Amino acid sequence: MRSVWIGMNAMDIDTPALCLDIEAVESNVMRMAEFARRTGVNLRPHAKTHKSPMLAHMQLAAGAIGITCAKLSEAEVLAASGIKDILIANQIVGAHKIARLVNLAAHSEVMVAVDDVDNVAELNAAAQTKGVQLRVVIEIDIGMGRCGVAPGQAVLDLARQIIVSPGLRFEGVMGYEGHVIFTPDPEERKAKTEASLKPMMESVDLLRRSGIPVNIVSSGGTGTYFITGCYPGITELQVGSYITMDSQYREVVGIDFAYALTVLATVIRVHGEKRAIVDAGLKAMTRDFGMPYVLDPPGWKVTALAEEHGFLERVDGAPLKRGDKVKIVPNHGCTTINLHDYYYVVRRGVLEAIWPIAARGKTY
Ligand SMILES: Cc1ncc(COP(=O)(O)O)c(C=O)c1O
């Protein structure tokens, strides 16, 4: 067990520790909620980033209409915390998983993405056996080449199959412009995002012209929320990273939500004045998109991560000494948070609470 207590100075928390600046979280949540109110788009924030029912409830309290997640096991955690309206923005494949899904549908208003006729048939059969009506959205591939049907006729064909399936309720469509979201140039990002959304909206028009009502048209991420949220016909945004932010979004895309997430680390060794080693490595933060960013003290950078060690190099800051604390902003929040059991929730430098990251490791 860590020796930590509520009210302690946050810089004395045993390291490495994942600290959450709760004032920054509150400001990010309010800022996105305010954007949604101003533009009239709904928010269904993606819990894949924070993995925390507490933070999901905070987003709902600020006006979000529901929560998005990536995995069935995440949806189970969210539903157990009392959240009803949950979109699993992914395909659920395999008899066992489908059985779990329809069981969950008996206790919540879970909704799932589909992109395949056989999968639709399996979901329909399982839902009927369970005696539930499962909500579904068609995922449209708007350029990522990940999952989803092609825009156009394939969407209409699948929707026609869904509306005649008594176990299913057709809610609408979703896309995700993940292939353009990190485009550094804002004008280029806007053009590419709009070009990706256009075929999805044309598919929605095709459905409506064919007499099929479409309630939900969902897309968007932190790098595109202000583009996608204003695109005509989009009804909801599934933004994730904005709540905690990470250095990838700030450095590459220039998104300026507040940094709420830091890994607190301790210097365990120095090599002269130019290099230092901290006790946080790959088991405390990820580098799938690039190296994390040293927030404090200024003038240092992370050059490498080994399992348990972070390698720091001085750029122009004051030298570090053994025992010094370093605050490091993850380069990718979603994957870094997944490495930790708890958020150490800090307000103005004082430990205010310890929240379990209940949906961490929920990859199934
Ligand atoms: C399907 C889907 N929707 C939304 C998001 C949220 O993106 P972001 O974290 O950029 O806000 C993601 C992120 O990977 C995603 O995969």
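All of the numbers you see were taken from the coordinates with simple rules; none came from a lab. What you see is a predicted model, and the numbers here were worked out from it, not measured in a lab. Neighbour counts run over all protein chains shown; Cβ positions are idealised from the backbone, glycine included.
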> Between residue 121 and residue 2, what is the label-to-label distance in nm when each label sits 7 Å out along the Cα-to-Cβ direction?
Replying inline: 5.1
> Which of 87, 120, 133 sits farthest toward the positive end of the charge dipole of region 22-253, with +1 on the Cβ of Lys and Arg and -1 on the Cβ of Asp and Glu?
Replying inline: 133
> So what is the calculated 222 nm ellipticity per residue for the chain, using -39500 (n - 2.57) for each DSSP H run with n of 4 or more, over all residues, to the nearest 500 deg cm²/dmol?
Replying inline: -9500 deg cm²/dmol
> In nanometres, what is the gap between the two model label sites at residue 304 and residue 182, each 7 Å from Cα along Cα-to-Cβ?
Replying inline: 2.2
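How do 166-176, 29-39, 278-288, 219-229 rank on mean C-beta neighbours within 10 Å, highest first? All intermediate terms of the calculation are to be shown ahead of the outcome.
Values: 166-176: 22.3, 29-39: 16.4, 278-288: 20.4, 219-229: 24.9.
With the highest mean Cβ count within 10 Å placed first, the list reads 219-229, 166-176, 278-288, 29-39.
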> Charges only on Cβ, +1 for Lys and Arg, -1 for Asp and Glu: so what's the dipole of the chain about the Cα centre, in debye to the nearest 20?
Replying inline: 420
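Report the extension gain between residue 81 and residue 96 in nm, rounded to one decimal, defined as 0.36 nm multiplied by the number of residues separating them, less their alpha carbon distance.
Working: separation 15, 0.36 × 15 = 5.40 nm, distance 2.29 nm.
Result for the pair: 3.1 nm of gain on full extension.
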> What residues from region 262-283 fall in the zone where the backbone N is under 11 Å from a label point 7 Å along the Cα-to-C-beta line of residue 313?
Replying inline: 275
> Charges only on Cβ, +1 for Lys and Arg, -1 for Asp and Glu: so what's the dipole of region 266-360 about the Cα centre, in debye to the nearest 20?
Replying inline: 180
>> Please list, in order, the residues from region 226-265 whose amide nitrogen is less than 19 Å from a point placed 7 Å along the Cα→Cβ vector of residue 353.
In response: 243-245, 260-262
> Once Rh for region 22-253 is found with the Kirkwood sum over Cα pairs, what is the Stokes-Einstein diffusion coefficient at 20 °C and 1.002 mPa s, in µm²/s?
Replying inline: 121
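Tell me the Kirkwood radius of region 64-129: reciprocal of the mean inverse pair distance over distinct alpha-carbon atoms, in Å. Walk me through the numbers before you get to the answer.
Details: mean 1/r = 0.0847 Å⁻¹.
It is 11.8 Å.
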>> Quick check on region 51-96: what does the Kirkwood estimate of hydrodynamic radius come out to from the alpha carbon pairs, in Å?
In response: 11.0
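Return the inverse of the average 1/r over all pairs of distinct C-alpha atoms in region 1-130, which is the Kirkwood hydrodynamic radius, in Å to one decimal.
Details: mean 1/r = 0.0596 Å⁻¹.
Across region 1-130, the inverse of the average 1/r is 16.8 Å.
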>> Quick check for me: using +1 on Lys/Arg Cβ and -1 on Asp/Glu Cβ, what's the dipole size of region 1-52 about its Cα centre, in debye to the nearest 20?
In response: 440
